[in-house]
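**Student:** One structure coming up, written as structure tokens, with questions to follow.
Please treat every number below as a calculation from the coordinates, not as lab data. The structure presented is a predicted model; accordingly, all values stated were derived computationally and were not measured. Every residue, glycine among them, receives a Cβ derived from its backbone with ideal geometry; neighbour counts consider all protein chains shown.
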Amino acid sequence: MIIVKVVTNQEDYEKALEIRKKVFVEEQGVPLEEDQDEHDKTATHYLAFIDGNVCGACRVRLTEKGQKIERNCVLPEYRNKGAGKKLMEHVIQQLDPAYPIYLHAQIGVQIFYEALNFVPEGDIFYEANIPHILMKLKRS
């Protein structure tokens, strides 16, 4: 069973940071100071669980362009089990429909976001030496 919840306490906040560290810093080689930044303290964080085990995380923050979903990740051993999709669907449902929703997708998972109704826009750019594309949610 997959459950998603908003982070409301320090213990869960630290779990979210630890998942991101494992995925972005250890697995993908992103410097820790690029992953964990000044926005962590003000963003809304989410955790995904499979059968009670924490397996994924992301954060959302309001920017001048809208609501930005960031740092979306699932631990390797839990990938392709539906946790990433459930996490994104839950987060999207929680966001304010008055503001656009967007993200910077790593090119390798662009198709994942396209399946969730995100549409690529613009040119490929690099964040932490990883190619990304701006994607905006197309609401039906």
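**Student:** Run the helix sum for the chain: -39,500 (n - 2.57) per DSSP H stretch of 4+ residues, divided by residue count, reported at 222 nm to the nearest 500 deg cm²/dmol.
**Tutor:** -6000 deg cm²/dmol
**Student:** Please report, to one decimal in angstroms, the Kirkwood hydrodynamic radius of the chain built from all distinct Cα-Cα pairs.
**Tutor:** One over the average 1/r among Cα pairs gives 15.2 Å for the chain.
**Student:** Can you list the HN-Hα couplings for region 11-17, worked out from phi with the Karplus curve (6.51, -1.76, 1.60; θ = phi - 60°), rounded to whole Hz and with x for Gly and Pro?
**Tutor:** 4, 5, 4, 5, 5, 4, 5
**Student:** Once you charge only the Cβ atoms, +1 for Lys and Arg and -1 for Asp and Glu, what is the size of the charge dipole of region 2-99 about its Cα centre, to the nearest 20 debye?
**Tutor:** 420
**Student:** Also: Given K65/K86; K85/K136; K65/K136, which pairs have Cα atoms separated by over 18 Å?
**Tutor:** As for pairs spanning more than 18 Å Cα to Cα, those are K65/K86.
**Student:** On to the next question. Calculate, in whole percent, how much of the Cα-Cα pair population of region 73-116 lies beyond 16 Å.
**Tutor:** For region 73-116, the share of Cα pairs beyond 16 Å comes to 42 percent.
**Student:** Let me ask another. State the extension gain, in nm to one decimal, for the chain segment bounded by N53 and V109, taking 0.36 nm per residue of separation less the distance between their alpha-carbons.
**Tutor:** Gain on extension, N53 to V109, equals 17.8 nm.
**Student:** Now for a different question. How large is ³J(HN,Hα) for each residue in region 83-99, as worked out from phi by the Karplus curve 6.51 cos²θ - 1.76 cosθ + 1.60 (θ = phi - 60°), to whole Hz, x for Gly and Pro?
**Tutor:** 3J(HN,Hα) across region 83-99, in whole Hz: 5, x, 5, 5, 4, 5, 4, 5, 4, 4, 5, 7, 7, 6, x, 6, 10.
**Student:** Hey, got a sec? Which GluC sites (Glu not before Pro) in region 94-139 land in a DSSP loop and have at most 10 other Cβ atoms within 10 Å?
**Tutor:** none
**Student:** If you don't mind, another one. Once label points are set 7 Å from the Cα along Cα→Cβ at both I3 and N129, what is their separation, rounded to one decimal in nm?
**Tutor:** Distance between label points: 3.9 nm.
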